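Before any comments, here is the structure.
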Amino acid sequence: MHKEAAIREPLILGHKSYHDITEDVCRSIEGKAPKAWYIMFGVALLVGLYGVGCIMYLLGTGIGTWGLNKTVEWAWDITNFVWWVGIGHAGTLISAVLLLFRQRWRMAINRSAEAMTIFAVFMAGMFPLIHMGRLWVGYWVMPIPNQFGSLWVNFNSPLLWDVFAISTYLSVSLVFWYIGLIPDFATIRDRAKSPVAKKVYSILSFGWSGRAKHWNRFEIVSLVLAGLATPLVFSVHSIVSFDFATSVIPGWHTTIFPPYFVAGAVFSGFAMVQTLLLILRKGMKLEAYIHVKHVEYMNIVIMVTGSIVGVAYLTELFMSWYSGVEYESYAFINRATGPYWWAYAAMMTCNVVSPQLMWFKKLRRSLLFTFFISIVVNIGMWFERFVIIVTSIHRDYLPSTWSMFYPTWVDIGIFIGTLGLFFMFYLLFARYFPVLAISELKTIVKISGESYKNDTAPGHHSDKH
Amino acid sequence: MGTTKKYWKGLDELNASPQFTERAEKEFPQELSVDQFLADDKLKESSTGRRDFLKFLGFSVAAATVAACEAPVVNAVPYVVKPEDITPGVANWYASSYYDGSSYASILVKTREGRPIHIKGNRDHGITYGSVNPQIAASVLSLYDSERLKGPQSMGAAEASAWTTIDADVVKGLNAATSKGKKIVLLSSSVISPSTLDVIGGFMAKYGKVASALAVAPIAVEGEASMMAAPVYENIEHIQYDAISYNGIREANLASFGKRIIPDYDFSKAKVIVSVGCDFLNSWILSTQFVGQYLMNRNPDGTFMSRHFQFESNMSMTGSNADVRGMIKPSEYGKALAFLHKEITGTAVSSVDTSSLSEDAQAKLKMAAEELKANKGASLVVSGSNKKSIQVVVNSINNALNNYSSVINLNDPIMMFASEDDKVNTLIKDMTDKKIGALIMWDTNPAYSLSNGDAFKAALANVDMSVAMSRYADETASVCNYICPDHHALESWNDFNPKMSHYSLAQPTIRPLNDTRSSSESLMVWSGQATHVGPDSTNFHDKIKKNWELFGFSQQTEYLDFHSYWSAHVHNSCGNVMTLPATAVAFAGDVAAAGKDIASITGGEWEISLYQKASIGSGIQAGNPWLQEMPDPITKVTWDNYVTMSPADMAAMGLSIEIGQESPSNVVSVKVGEKELVLPVYAQPGQMAKTIGIALGYGRGENDEKIGRSAFHTDEFGKHAAGSNGTRKKIGENGFKIAVGGVLEINAESISKTAYTYILACTQTHSTVMGRNSIVKETTLDIYKAQPKGAYNHAHVLHSGWNHDEKPISEFDLWDAHPVEHVGHRWAMTIDLNSCIGCGSCLIACQSENNVPVVGRDEVRRGRDMHWLRIDRYYASDVEPTVGTKDLDKFNEGGFGALEIPSDNPKVIHMPMMCQHCNHASCETVCPVAATTHSNEGLNQMSYNRCIGTRYCANNCPYKVRRFNWFNYPSYRKFTEVNPAQDDLGRMVLNPDVVVRTRGVMEKCSFCVQKIQAGKLVAKKEDRKVIDGDVTTACADVCPTNAIIVGDWNDVESKVRKSSQEDRAYQVLEEVGTKPNVWYKVKVRNENNDALEAIQVAHNEHNAEEHSDEGHEDPAHTEEGHTEGGH
């Protein structure tokens, strides 16, 4: 067994035995949900249903119910899409990339981060669908045999690449997440008392028996999927950025977009993970597993990616001046000083300034501050997408068509609605799924567990599940 | 002998061969019973297996579902008996003439399957050079207005009455009036129809008592005299009254030359044109003719280019096209002319003090005077004023410039606008005094268009019988005893005499849709000249024919029999234009008296200048949604009436200058005497300080009269906004209320800000081009003549390779070129910015040809107008010596902020913008489903039924010309009141060649691909190549100034090819590399612009220097236009 230096901060606090871990994670599934859960779930459900209602109205009436116009033909729809996709980045990054890099601290957060990814990608995927003028023929974006003659999709179009990128990412993330869940479902199944729960969890656990062969295959599949998912982490947002980068619109037509989008995605993804986990650990009493060290690690990621994003912003500004293209330079001057200066200012403050505060150890180890910054970062990243999309096209080549964008209640309703749906899914997840990877945590409890590090653990061999 | 005879049918039967027996048994096959059928073992082999069953089940369910989703079937019923001249799918064009009381034009009407659906100018015949204005082009839609009266009505009756009942009542009323000794008055707008005048003559003879057998009326109008010498009746009168009066010109000419006429103006003969407050390209008198003439000399490559000075207070469409524009107040019109008078004749107009004119105006007037003097006999001074005194001074100036012998023709007067303003006031007095027994009104709406309309309405109650011959139950008609609705112009015969020398015909293009009757026929019926026999009455047609035989046929030698004469005239809508050349006339005007009157014109703190919009004019077609939604050529505001005010004044008053979707304008109250107009304010650059402009023609339907559903405000949800008492709310305010005596220049008592705000719906909210020089290009005539192309139209180059070689943009390609060059056709277009005056006719023609939906005010406000063709209007800022050219020093000082603010008196460019049909279209690459693709003829095509509506193409279009169907315009409730496609009658205007787009798809200019296909077919049928003229687009076809040329670029002989290779040709945003099939041509302003010259000449020198240093020729400057021909 790998031995870890004692001076390293432990990843699991307190005297945790294997059994304790199982108990801690299963407690919320097996016990009664607290009142707060019902309240939060109720609110999320209502907000989500409101969003669904708005979507129904949109689909029934037309895209005109949004505030778009002849100049700004994408606004909140694509902003929300990119924002949610970005959030959906952290999960796979944590589970795949950090797995390959053997970062053990990921084990406390990967399950919930992956769940967040899945739900975020659900929300993201909805926007390209509902933003179509004719959703009912939306399947035409799939290269499927058809009766329209030799009609094929346009492989030149970045929107088509998007379709492939998002669907691949979603399926791989989903499979990866689910594979990880199987042993834990088996644990719950074994402990379940009610026949219904037992039945459900036994279906979910796919007949997992915990044999060595199962474990062996499990490890291999995880590794293979991690290998598959890792390039996807980078490809998805690169391809999303192509929607803009391959266009001719000043402010969109930028070669820096792929890396900058990926960094931004990780940035916002981690921020969302922080927001969720800080609530989760408190609500589900998992402070022993997700503690300051984890938060600090994530804050460091936020700080680094935030800095990358900041450099990208400055590079864009420099290039717009250096290129000598008047439309390009105007696009950026307009961003900073035009009618949407406040959005640009919000983006700069939230994304560039706020993560720099993480240089202070005290701040990055402060949970309250982290929670605050994580929300600030997500606001900032929403504005980043808004700035890129709206402020570029609202004033492009011909000044005669310049216009402004004003959201309608349907725009707002659908965005809020996706937040509701997202939290609704997440709350269901927290209630019925093992929010921490039980089996994985058990592998590090003796390496990084506090009590093992300082030899205060009581029964060293308590392997009871 | 045997007794049994045997009959057999053949040897087979006789011999009873086995084959025969077998066949004979099968002669009547017995049907298998069900049991036997099912018992057949072979059946099992063909059984439907479980899987097949599921497949069939699935398919049936899917098929049933799909079938259920289908749109309802609309049956097309074919002709039972096909009319001889109608071939389904082939359009018939009829020549006709249009006259509505203020515009006149020779037109061609397109009909499909018997429905008129499109109107354009007639380029081959008539006096209007193929010009129409937007109102004429849009008038076809008014034909299908469902609020047009369905039949004659008597007051109080909800239902239409029968003509016979009404006729009996009217005749009774007329006889009663005669017997009571009361007066009968026929009040009409100017009648320019000789046959109608004849009918009126007969009508008056029937009911009139001749005052004195010998008395003959003084010749009121020259033209009438040629037809008849009208006797004077003491009890019956025909009063002509026009909403827009040109009485002043007539009176001035009576004083100056002894003739109460409006002379003919020939703008094509004028090398210098000075206009003082005269919007002659838009609304002034016979503007359809003037536009054609004006444009003849605006070509910088012609023998000369006229120079146009405009002095005005509003920014008019004419002013926006002027070479030099000076700003003066409406009260200064007389002073400015007096100033010119002094400069030209040397004698001052006595008692007029011209010193109050601004320095700038004086300098420009001086310049104008110099130019005028230098071009005596080939210049023209016009004024839009309706004041006799001012027009006398104008006459005096023109006389001093010898213009009456060439440019202005007193011998061939314009017969329109015979308004006699004084008589209307007398009439109202007579009405009030109960002296009027019967009042018949025709094509006139005095209750709306008179400043004392309310008084008129009140007086109407004292008239024993009032009859309105109006198409609508409008402001006047709705309070009359009887309404006898006239046909729409496209339903009736008519003849016109717009100018002394010209007679034309109007022919019906559709059987009357409603139970209406030509008003001429009504008069004929009432005076016993004819009997009405239903919608197919030919009384008036016969009358016209008889008159043309009597007067026209007899005076010509070209045709031997009347039938061929008549056929030719109906076919062409007119005959040859006679020539009545101008001759010098002695001027006898009293300039001193005029001066005295001019001196009495005093300005107020605020002055108002009323004007007519290109779309709404005097408000006749206020219910026409195409016109309501047409952006004003200058302000780009739709659906609204507003006050134009200079931005500086607005800032001083604390009014909001911002225009935008959510930027409310302040509402101000304009007080003139007791009248008050409450309107939102629009910041208008080029508006003279302390003056405002208000458009006429709005504020119609004050009491919810039925004048068309689109004449009223709609709210955010498409319902009619509620006015007072739950009535529909009128749009804007009625400017006629303050135009006392037909004078459009008025002093306002006060203008004050109210607590209200209002958001104007504008199609363009940014007014400058931000100094971007590859969008619009402009130069001066001097630079154009003296400098090479590089100065004013330099092509973009890119530096490539280590040596930084300059290469033209066209050499850089990301994609494979589309094989459209030199192969087959390549449809292309050139648009001459120098010719485009921004009138908007093309926009209406496009809307009519391509079934472009009307979306209403709220949608336009949200920036979702659907016009496939828009006209961008750019103002120059102070940083720009002219539109699109930056003065770098000033730019460095003011930055982009300064570029956003138009100058006080800005230069203006109108730029038609539609799909550029790029050969490297940025829209085509991004569509995920290949719904927008390139044709092998260079067209960028939109497949509506493949489009899934991602809108990526529209975002990626640098020209922003794509339009998205945000809603289902043909059926969504928001558009019920505005979109003609939602009305059973209005739908008849739709062009069957063009599909009506559904919700959620993108649409855009198609280069009228249906017309291209039709043109190709014509050539194919004639077994020849497509030549110039076969193919055109609706916009090019209707353009009154021929600014747009369309054709096959691959045909080296085509006009468009040659035009695109001229020095002035360039492509918008060339550097983006989209390679459009549309070329624009640099605007050349005939002015002195030192700042521009400094920039453009220096630029050229800089380029030349750079290239000589590098020792190679500049390919971009010598080869531009050819460089694409790489194949």
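What follows draws every value from the coordinates through simple rules; no lab data is involved. Remember, predicted model here, so these are calculated numbers, not experimental data. Note: ideal-geometry Cβ built from the backbone for every residue, glycine included; neighbour counts use all protein chains shown.
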query = Measuring from centroid to centroid over Cα atoms, what is the spacing of region A:323-401 and region B:254-281 in Å?
reply = 61
task = Quickly estimate the mean residue ellipticity at 222 nm for chain B, helices only: each DSSP H run with n ≥ 4 gives -39500 (n - 2.57), and the total goes over all residues, rounded to 500.
result = -8000 deg cm²/dmol
query = Semi-axes of region B:594-676's equivalent ellipsoid from the Cα gyration tensor, sqrt of 5 times each eigenvalue, largest first, rounded to whole Å?
reply = 27, 21, 12
remark   = Scalar couplings 3J(HN,Hα) for region A:292-303 by Karplus 6.51 cos²θ - 1.76 cosθ + 1.60 (θ = phi - 60°), nearest whole Hz, x for Gly and Pro, are 3, 5, 4, 4, 5, 4, 5, 5, 5, 4, 4, 5
query = Hey, got the Cα dimensions of chain B along the principal axes, in Å, largest first?
reply = 140, 99, 67
task = Determine the alpha carbon to alpha carbon distance for each of B:342/B:886; B:364/B:777; B:636/B:671; A:198/A:293 and list only those over 31 Å.
result = B:342/B:886; A:198/A:293
task = Work from the charge dipole of region B:635-732 (Cβ charges, +1 for Lys and Arg, -1 for Asp and Glu, about the Cα centre) and give the residue of B:681, B:643, B:712 farthest towards its positive end.
result = B:712
query = Taking Cα pairs under 8 Å and at least six residues apart, what relative contact order does chain B come out at, in percent?
reply = 13
note = Charge tally for neighbours of residue B:21 with beta carbon under 14 Å away, counting Lys, Arg as +1 and Asp, Glu as -1, is -2
key: Whole-Hz couplings from phi, Karplus 6.51/-1.76/1.60, listed for region B:848-858; x for Gly and Pro   = 6, 6, 10, 6, 6, x, 9, 10, x, 4, 5
request  = For region B:540-554, just list the computed ³J(HN,Hα) in residue order, Karplus coefficients 6.51, -1.76 and 1.60, θ = phi - 60°, integers in Hz, with x standing in for Gly and Pro.
outcome  = 6, 4, 5, 4, 4, 4, 5, 5, 5, 5, 5, 9, x, 4, 5
task = Please list, in chain and number order, the residues 5+ apart from residue B:238 or on another chain whose amide H is under 5 Å from its amide H, with Hs placed from the backbone.
result = B:186
message = Projecting each Cα onto the charge dipole of region B:808-890 (Lys/Arg +1, Asp/Glu -1 at the beta carbon, about the Cα centre), which of B:834, B:867, B:879 comes out farthest on the positive side?
response = B:867
key: Placed amide H near residue B:274: partners under 5 Å, 5+ positions off or other chain   = B:309, B:380, B:381, B:382
task = Just tell me which lysines come within less than 16 Å, Cα to Cα, of residue B:182; anything on the same chain fewer than 8 places away is out.
result = B:172, B:206, B:209, B:429, B:434, B:435
request  = Would you work out the relative contact order for region B:681-793, in percent, from Cα pairs under 8 angstrom that are 6 or more residues apart?
outcome  = 18
message = Rounded to whole Å, give me the distance from the Cα center of region B:740-757 to that of region B:944-1009.
response = 40
ask   = Could you name the lysines in cross-link range of residue B:1016, using Cα to Cα under 18 Å and dropping any fewer than eight places away on the same chain?
value = B:1025, B:1055
remark   = Exposure proxy check on B:366, B:209: fewest-to-most Cβ neighbours within 10 Å is B:209, B:366
request  = Could you line up A:35, B:435 from fewest to most neighbouring Cβ atoms inside 10 Å?
outcome  = A:35, B:435
note = In the neighbourhood of residue B:976 defined by beta carbon distances under 11 Å, the net charge of the other residues (Lys, Arg +1; Asp, Glu -1) is +2
note = The set of residues whose placed amide H lies less than 5 Å from the amide H of residue B:678, leaving out same-chain residues fewer than 5 positions away, is B:670
inquiry  = Treating only the Cβ of Lys, Arg, Asp and Glu as charged (+1, +1, -1, -1), what charge dipole size does region A:1-107 show about its Cα centre? Round to the nearest 20 debye.
reply    = 240
remark   = Neighbours of residue B:409 by Cβ distance under 11 Å: Lys/Arg at +1, Asp/Glu at -1, summed charge -1
request  = Could you pull the Cα extents of region B:840-928 along its three principal axes, largest to smallest, in whole Å?
outcome  = 47, 33, 23
ask   = About its Cα centre, what dipole magnitude does chain B give when the only charges are +1 on Lys and Arg Cβ and -1 on Asp and Glu Cβ, stated in debye to the nearest 20?
value = 2600
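Could you please rank A:395, A:106, B:511, A:431, placing first whichever residue has the fewest other Cβ atoms within 10 Å of its Cβ?
Sorted ascending by nearby Cβ count, the order is B:511, A:431, A:106, A:395.
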query = Given a cut-off of under 8 Å on Cα pairs at least six residues apart, what relative contact order in percent is computed for chain A?
reply = 35
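Could you list, in their original order, any pairs among B:907/B:1004; B:335/B:1083; A:32/A:282; B:82/B:543; B:423/B:737 whose Cα atoms are separated by more than 28 Å?
Over 28 Å Cα-Cα: B:907/B:1004; B:335/B:1083; B:82/B:543.
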